[in-house]
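Okay, so here's the structure we're looking at.
The values are calculated or read from the model by the stated rules, or taken from the named source; none is laboratory data. In this text, all values refer to a predicted model and were calculated from it rather than measured experimentally. When we count neighbours, we look across all protein chains shown, and the Cβ atoms used for this are built from the backbone with ideal geometry, even at glycine. These accessible areas exclude ligands, DNA and RNA; they are computed on the full protein's heavy atoms, side chains included. Shrake-Rupley method; radii C 1.70, N 1.55, O 1.52, S 1.80 Å.
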Amino acid sequence: MTAELVRGQNHPLSQSRLEIRISAGTPIVAAAALGDEDGRIHGVEWVAHPGAPTRPGLEVSRQAAADHRLAVDLDAMADAIHRVSVLLALPAPGSGPGTARFGAVAAPFVAVTGLDGAEVASYTLTGLEAESAVVALELYRRQGAWKVRAVGQGYAGGLAELLTDQGLPEAVQLAGTINEAVARGLARSVQAPLPRPADGDRSRQAAAPAFGPDQGGIAPQGAPGPVQPSYGGQPAGGPGQGGPQPAYGGAGADSSAATGGGPVDYSHPGRRSSAPPPPPPAAPQARPGQPAQPVAGDATGWSMEERLYNQVWGMFEDLARTTAAYRSAVDFAESRMDRELEQALSDPRSRIGGQGDAAREAARARHTQLVEQAREVLDRDLAQLVAEAEVVEPALPMAFARWDNPVWHAYRAPMEIPMALRLGDLRLPEAERIRIPMLLRLPLERGLWIDSGRTDSLDGSFTDSHDMRRLAMETAVAHAARLLAVYPAGEFTVHVIDPAGSGAQALAPLTQTGVLAAPPAQGAAGVTDVLGRLTQRVDLVQMALRGGAPDALPPGFDTSQQLLIVNDFPHGFDDRAVNQLRYLADEGPSVGVHLMMVADREESAGYGPLLDPLWRSLLRLTAVPDDHLADPWVGHAWTYEPPLVPPGSQVLHQVLTQVAAARRSWNR
């Protein structure tokens, strides 16, 4: 199954010899940079580009075209090479036809494939605007295994700015060399293929000759069928594109020559469609002076799910931005008032009589005016966000929806893994009416820690330790149920460690419906058994991936994603079990083994700093509202609210019953 990546997501690579296929709506220059462990490029010899298309284990296209195929042999990389970055750039002005920014063309599409043409991972570079160069994706080495990560980092300054950011000292000179290579005609573009004749007209038509470097015709270019790339010297199919090319020009050349009688297929084999995605729904035209009416799914994306995901994060950014502006305005008003009051008090003549009082009143009045103006702007923005939330929330798909959304009452096991999962809501104190869904990308890249140690909440209420443990375990069960529900049948497995059996009541929805892989493990022996099996699983998968033999796993090996819920840690855990737990937290996510801890950190203080890496590797969530989450952009402390099931609702039991039925059907 192809992994469709979004920006920042990674995916393991089980093959060492790969093709990277690039498809764009305009001719672009493709290059690749080799980086060390820190991602730095040490010299121009570490970059493959149209002027120098081959490096050890790497070969790029010699053409500036709308379609490219790059050949990569990871086994041929030197030990000092830890990253291979795929770079895309628009031809510089004067280097050939094209446009000056990616925002004016269709989003480029990049796919990593095996030698048989089967896609491993793909990435559509959406969201580019003024950028003329971009790091599309990178292959990187981690603990001996290679992965691919979608990067999508764009640069308005072109190749020179991109290469400078990668740490290359000769960035400007190399960018000039690449542009000169394009201008000299080392990279050629070809004319568009002739239109396909109608069904009733199959007569051959001569193709127009290829354009030279001083001529202006450009169009997407492709090579039909899977191609075996070479890894040094000339590409396997001839110069230029690393594969057989359709014939252009010359005596008898025609559009059917490359395929033995049929028309050439110029569509990218991994693209969802040859056309860009349909436009998002348009909002009704607003009345003069009124804001536009919000519409669910009006963000960019190839599917409604992706559009809603991007729209939710756009709402998050808008709320963060407008709140930051309000706080900044209030801080400015207060500092200005303090300065004016200090000036009034520093003058001895204004300390006596009405002059000083008037100055102080004027300072306070200006402060009030500035704060009211800032609040007015904030309220206007919040009203727009509230209106948007009211239309977005009911339209969210199951994985993004709250438990009280009616979509759960029509639950059926999905056929595909969703983009993300809702883990709760986020809000800010200035905007109590707005709840932004907290979406976490799937598959999980880090474990979860449900903190059972808090004894008070933001509203001042007091919760004793017993209730906190119960609430934390119920929250963990709700998270696990949602993960089980959004994965296709048979692709997600849950294990539970409950050494003392204290979580039996909270675990009832999982145990009674039969969705667990086995009954919750209890006692020291149960802890040892479950941890031993999961650590062995991680070792086996890692060895298979590093050896390039993912099919060599034992017969009957469960390839589904695994989740381990640990309750009452550290009770029932010895030193060996603690080390196994740390190992699962560090190495498990890369091979599909995830950890969910329900624990109080203070209770494990006896281990000292030994467990600090464990807590840092997990995403901390709480069973009561808490303002412990901060965004990296403006530093707001966001209040996290857990995804609670409505009191008295049977939705959890109904959904898990459907999950269990789908699992039984799958296993038949």
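The single condition from (1) open to solvent by 10 Å² or more (accessible area, probe 1.4 Å); (2) outside any loop (DSSP other than H, G, I, E, B); (3) more than 19 Å from residue 153 (Cα to Cα); (4) not aromatic (Phe, Trp, Tyr) that residue 72 fails is (1).
Among the strands (runs of 3 or more DSSP E) lying completely within segment 557-626, list those that include at least 3 residues that are buried (at least 21 other Cβ atoms within 10 Å of the Cβ). Once the strands (runs of 3 or more DSSP E) in segment 557-626 are filtered for at least 3 residues that are buried (at least 21 other Cβ atoms within 10 Å of the Cβ), what remains is 561-569, 593-599. Remark: pairs (first residue in segment 572-588, within 9 Å of residue 614 (Cα to Cα) and without any contact (Cβ under 8 Å) to a residue 24 or more places away in the chain; second residue assigned to a helix (DSSP H, G or I) and not charged (D, E, K, R); Cβ separation under 7 Å; 6+ apart in sequence or on different chains) are absent. Hey, residue 132 hits all of (1) of a type in the set (Gly, Ala, Ser); (2) open to solvent by 10 Å² or more (accessible area, probe 1.4 Å); (3) over 18 Å from residue 65 (Cα atoms); (4) touching a Gly at 6+ places or on another chain (Cβ under 8 Å) but one; which does it fall short on? Failed condition: (3).
Listed by first and then second residue, the pairs linking a residue in segment 521-542 that is within 13 Å of residue 590 (Cβ to Cβ) to a residue that is small (Gly, Ala, Ser) and part of a helix (DSSP H, G or I), with Cβ atoms under 9 Å apart and 6 or more places separating them unless they lie on different chains, are 538/590; 541/590; 542/590. Here residue 652 passes the criteria (1) more than 22 Å from residue 452 (Cα to Cα); (2) in contact with a helix residue (DSSP H, G or I) (Cβ under 9 Å, 6 or more places away or on another chain); (3) buried (at least 18 other Cβ atoms within 10 Å of the Cβ) except the one numbered (1).
Within segment 534-556, which residues are of a type outside the set (Gly, Ala, Ser) and loosely packed, with under 15 Cβ neighbours inside 10 Å? 536, 539, 543, 546, 550, 551, 554, 555, listed by residue number. For segment 547-580, residues that are closer than 18 Å to residue 517 by Cβ and of a type in the set (A, V, I, L, M) total 5. Scan segment 306-322 for residues that are among the charged types (D, E, K, R) and either open to solvent by 50 Å² or more (accessible area, probe 1.4 Å) or under 15 Å from residue 428 (Cα atoms) (or both) and the total you get is 3. Residue 488 fulfils the conditions (1) open to solvent by less than 20 Å² (accessible area, probe 1.4 Å); (2) outside any loop (DSSP other than H, G, I, E, B) except for a single criterion, (2). With respect to being farther than 22 Å from residue 142 by Cα and either open to solvent by 20 Å² or more (accessible area, probe 1.4 Å) or not in a loop (DSSP other than H, G, I, E, B) (or both), residue 78 falls outside the description. If you go through segment 121-139 and keep only what is small (Gly, Ala, Ser), part of a strand (DSSP E or B) and touching a Phe, Trp or Tyr at 6+ places or on another chain (Cβ under 9 Å), you end up with 122, 133, 136.
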